[in-house]
1. I want to check the label-to-label distance for C:ASP218 and D:GLN116. Put each point 7 Å from Cα in the C-beta direction and report it in nm to one decimal.
2. How much length is gained on full extension from B:THR151 to B:THR337, taking 0.36 nm per residue of separation minus their Cα-Cα distance?
3. Peptide B:95-107: average number of partner chain Cβ atoms within 10 Å per residue?
4. Can you compute the label reach from B:ARG346? Point 7 Å from Cα along the Cβ direction, backbone N cut-off under 17 Å, restricted to region B:260-284.
5. PRE reach from B:ASP252 (point 7 Å along Cα→Cβ): which of region B:309-352 fall under 19 Å by backbone N?
6. Within the protein assembly as shown, what percent of beta bridges assigned by DSSP are antiparallel, to the nearest 5?
7. How large, in Å, is the protein assembly as shown by the Kirkwood hydrodynamic radius built from its alpha-carbon pairs?
8. Pop out the Kirkwood hydrodynamic radius of region C:127-195 from its pairwise C-alpha distances, inverse of mean 1/r, in Å to one decimal.
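We did not get these values from a lab; they are worked out from the coordinates using the rules stated. Nothing here was measured: the structure is a model prediction, and the numbers come from that model. Note that each Cβ is placed from the backbone with ideal geometry, even for glycine, and that neighbours are counted across all protein chains shown.
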There are 4 protein chains.
Amino acid sequence: MFFASDNTSGVPAQILEGLSRANDDFVAGYGNDPVNLALRDRIRALFDAPEAEVFLVATGSAANALAIASYCPPWGAVFCHELAHINVDECGAPEFFSNGAKLVPVAGAQAKLTPQALEQALTRAGKGGVHQVQPALVSLTNLSECGTRYTVDELRAVCAVAHAHGLPVHLDGARFANALVAEGCSPAEYSWQAGVDVLSLGGTKNGLMGVEAVVMFDPAQAWEFQLRRKRGGHLLSKNRYLAAQMLAWLDDDLWLALARHANQMAAQLQDGLNQHKDARILFERGGNMLFVDLPRSCHRALQDAGAKYYLWPDHASLDCPPDMAVTGRLVTSWCTTDAHIKEFLRILGAAL
Amino acid sequence: MFFASDNTSGVPAQILEGLSRANDDFVAGYGNDPVNLALRDRIRALFDAPEAEVFLVATGSAANALAIASYCPPWGAVFCHELAHINVDECGAPEFFSNGAKLVPVAGAQAKLTPQALEQALTRAGKGGVHQVQPALVSLTNLSECGTRYTVDELRAVCAVAHAHGLPVHLDGARFANALVAEGCSPAEYSWQAGVDVLSLGGTKNGLMGVEAVVMFDPAQAWEFQLRRKRGGHLLSKNRYLAAQMLAWLDDDLWLALARHANQMAAQLQDGLNQHKDARILFERGGNMLFVDLPRSCHRALQDAGAKYYLWPDHASLDCPPDMAVTGRLVTSWCTTDAHIKEFLRILGAAL
Amino acid sequence: MFFASDNTSGVPAQILEGLSRANDDFVAGYGNDPVNLALRDRIRALFDAPEAEVFLVATGSAANALAIASYCPPWGAVFCHELAHINVDECGAPEFFSNGAKLVPVAGAQAKLTPQALEQALTRAGKGGVHQVQPALVSLTNLSECGTRYTVDELRAVCAVAHAHGLPVHLDGARFANALVAEGCSPAEYSWQAGVDVLSLGGTKNGLMGVEAVVMFDPAQAWEFQLRRKRGGHLLSKNRYLAAQMLAWLDDDLWLALARHANQMAAQLQDGLNQHKDARILFERGGNMLFVDLPRSCHRALQDAGAKYYLWPDHASLDCPPDMAVTGRLVTSWCTTDAHIKEFLRILGAAL
Amino acid sequence: MFFASDNTSGVPAQILEGLSRANDDFVAGYGNDPVNLALRDRIRALFDAPEAEVFLVATGSAANALAIASYCPPWGAVFCHELAHINVDECGAPEFFSNGAKLVPVAGAQAKLTPQALEQALTRAGKGGVHQVQPALVSLTNLSECGTRYTVDELRAVCAVAHAHGLPVHLDGARFANALVAEGCSPAEYSWQAGVDVLSLGGTKNGLMGVEAVVMFDPAQAWEFQLRRKRGGHLLSKNRYLAAQMLAWLDDDLWLALARHANQMAAQLQDGLNQHKDARILFERGGNMLFVDLPRSCHRALQDAGAKYYLWPDHASLDCPPDMAVTGRLVTSWCTTDAHIKEFLRILGAAL
């Protein structure tokens, strides 16, 4: 019963097969190989973006931080939700890669930036004043840190505010596939057509070993990005092994199937939790994440039975009275099974 | 006929099998998993270093830059050979990760630092003066950039100079295995017993997809390293896939067998080249790299026949008279075959 | 009628005389001169801190950023009030000098950190987790950005929380003198005895041309600070001209007299404002700053008459209805005169 | 007998008078004041560069590092002479301000870059390759570190090479005035007309307390520079005191008179040294610096008599046989007198 993160799961057989296929023979290093070329073309087609540049790295933190740094000078400000992964969970990677830019936390319900909140933050940002860091970029997360999802319209509205202030938009799409299949639109509609300028397209949380693509819809920063990637130690020489995984993942829409399954497992879990009045779902489920308030005693019972998941927020604790509500963060993945869900709900039912 | 780099080769079947074995089930992320634990213990045993800490990253540049930054403050100086990979081929990764430290290039024949040259550089370094960057670290490369090898005695002597000045020693061991089997000593003798404080143990050039271990023989900097690794985007969540590869590589001394084969192929190539008076080997072969002067016309013939390798140094060119000598850099790998060597020599023989 | 900032005023005659006295003859550069030595000893005596190290720089941003960087690694977190000058008015200087540390904004009434708010922020900070920046330093401002003042007891209480979490405390004392004379305690009581580990002692806003002293009560970081100062371009070769100003400023307690005068002028201004029911003072005056709500029409009248001051916060504007209240920020200085105050109040009275 | 550096001297009376004149009344801070405006216009006229932007800082290291960072990205390479002050005497300030750029040392006789050496270095620099730092800037020093001087023709020739490779040129003019009066040309001829894009115009070594102007002949980078200056803590709030000094220095060509005097003192010293066959001048004197080989015993006699100067290079020592030649570095200044020179020569004559 692993609900701690979708990054505790393995990879589907197709990914291993993709690695095997790419393993034959010598090929040029550093991404100058046929597999990378094929992947780039596949992603361009998928996103209906023939000019886009595609670069692979092995972690989401690298994808985000390199993308951010390519659009934000050291004296720049990146506007993001106060709970954003880049702000609280990457040990300052964006600050490191940008050489000291400032992340400006913006509040918002459901872990989403609203056009109003962004507009207010940008208006107050001190643009043009030499004493203030200068607004440079807006970074969104979809699925958000609370597992909610921007609708296409919401995404478009918040990007419009950024663009009206002359700022490009980065989207941290560590769970882009989960959001996409839930929203039911096309990759293009959910990215550049809505106003996203650069996307961290996450593969790791949805079935790859450690592969993320940075998709730059406007290639103007592409050369700078490549230098930053190399300098950051993120240019893998045997790059084909990243590309091969992602190609296999896109083949036959495997990535969408994996995401759909994870979302479906979360939906089943949600249905089960809703049967119990003492279990309170906190946010609107956008994909494969759930935040649920449970009596502290239930958490104990679940954890004693081997369920793995985090309390939320990070500093939450079970050192409290047995009937006090504590939030649990439950993440399903491509390899979560009916049996996992049933077992979790069974233990919970017994404990409530 | 791929002699461009050992990083253009694939991986042996055992590595793919190792990935498959590690793929079962959910495991904790970020290196807190049984495979990583097993690998750490294996490396400790292998190096006879029960206190050593072992951290995995996906590239050699990351291993080097993170190791260097953990021992060198922003105002520090890293003494290395002027041809060192960290100095000329990593787009400033050490400067980036150390937040602006200075690499001090030291000259030396055969791309090796001598105790004398290091002593002189350190004596002149301005230690204690506020106007000068402060000596912080010595970084060696073995095999060197010219394919030569430090003997155990040479390594010990140069480390002794560093230690006498209070500086720790980093060893860039991108081709550590190739050096080790050629030198015929133990991993411990060739690292910490000779004075190496932190080792970048390269797997990628010797049969892995992109796995390098940083082995810290003194664990004092281990926590700082881990924060730097995370902040640098180099902490893979599904870390087991790095560890699984390296475990499979160490199993049954596969890594040594792969390195021996690569070296043997280089030896055969060297023997063949030595048959031709117009082919002049430049440096003492230490493992699996050769630098050979050939008439420009031979390079043309080889390249027309599909041989892949680089001229050396980077700015060398074939825009010169046909009989002018130009240096080629030839690297063999674990999957170079007799047939590759013979074909190369055949074409060369015909051209000479 | 200059109330924009205490840094728009000039310097007293004694400072120019101090410069003249120091101008004779050749002296050693970079602070190794008798004037600097005398100043260091004077400050040690003044603060009853015989081990303290004293370093001069020309700006408050440099003093703060260098002090912060000397106590905070790149992956560190600096806890400060959300309105702190270091957070909003230095264009990211702390992030630059610390190579990308994160400033964690903490809310608090009257622009002061409370022990409770700091305790909560530190408890939630994720210490020991590799995914989070690590708590490194607490930075306070006294006088605060809203012109309020920490009492000695308040200062002691908040420092105690920091120390209980193992964090040192930096005090941005750009207006330390103004706070000190208002609080009526000794420099030692108001700094290290209350728990301050490193102090930016501001001279510029209180009558110097551009001189700030960093006073390190614990000299352990002194050598690192000196290297950072040099590397930051903040080690003036003709350092005597900084020291000479500050010596003249300390002579005969001139610095205290200047601060007392500025505070007294603010008190007069406050008394005058309190005569008008439409003028509302926002915060408890701690020294020489006042924040006052006035009808927009009054601001227009004052500015038309040549009064210089800023609206607050920065993004405030007079594009609003005439009777809407807008906050003005009024700062008095050592050379503000009765006449300035009276003229300001006269115009205000006419406008109300 | 202070010959250690021109920065051990004081300032002429005119500078103190300039400070007094600027001290009246309140003025706007941060350079938005009439004195700064007047200075900017004066420098524009002086250099016949009506579009130039002028920014003041208090140290030469700041001027150089900020100028360099404004033209060089973190992954950039700055080509400079191996002895350049920025490379060996600023504790890594250029690396700090540029966030980790690399200084590429180029050899050259008389501490000057030749067009040939620069051409070769640039040709080999790996432009366009992602593994190498990218050529970004050429930085020259005039007077050089060895006290030599670029002729206008030499300057033009080396700038032409830089421009042909698409690189701008920075000139470290810490002793620009000394070079200028010796060369006998106009400021424009010796800067932008020869190809200099950004100049560090040094005042400190030629009679100011700590004032350097960065003159950007192409203002495209001016806004970035201002943000970097603020972020670097180098924007003095009471900026008028920098501008007032430099204005007084330019008044009636005082700066040229001061430089001429210093040069003349060096010429007298040179004449005196040339009387002794055991004193050997090392480089062509370009202005106010001399490097002279003397028997070790002479240095002892001079130092015993109170002469202050450095041996050269930094690591030189008097721990050697009495008749061994050791190099002394002698710098004259605006306030060196005939008497100083005569006394120095007298002691030397007695010792030889």
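1. 5.9
2. Working: separation 186, 0.36 × 186 = 66.96 nm, distance 2.76 nm.
Working it through step by step, the gained length comes to 64.2 nm.
3. On the way: counts 12, 13, 6, 4, 13, 15, 4, 9, 3, 1, 3, 0, 0.
For peptide B:95-107, the averaged partner shielding equals 6.
4. Residues B:269, B:272-273 fall inside that zone.
5. In region B:309-352, the label zone of B:ASP252 (backbone N under 19 Å from the point 7 Å along Cα→Cβ) covers B:334-336.
6. Numbers: 88 of 160 bridges.
DSSP beta bridges in the protein assembly as shown are roughly 55 percent antiparallel.
7. Working: mean 1/r = 0.0295 Å⁻¹.
Roughly 33.9 Å, rounded to one decimal.
8. Values: mean 1/r = 0.0782 Å⁻¹.
Over region C:127-195, the inverse of the mean reciprocal pair distance is 12.8 Å.
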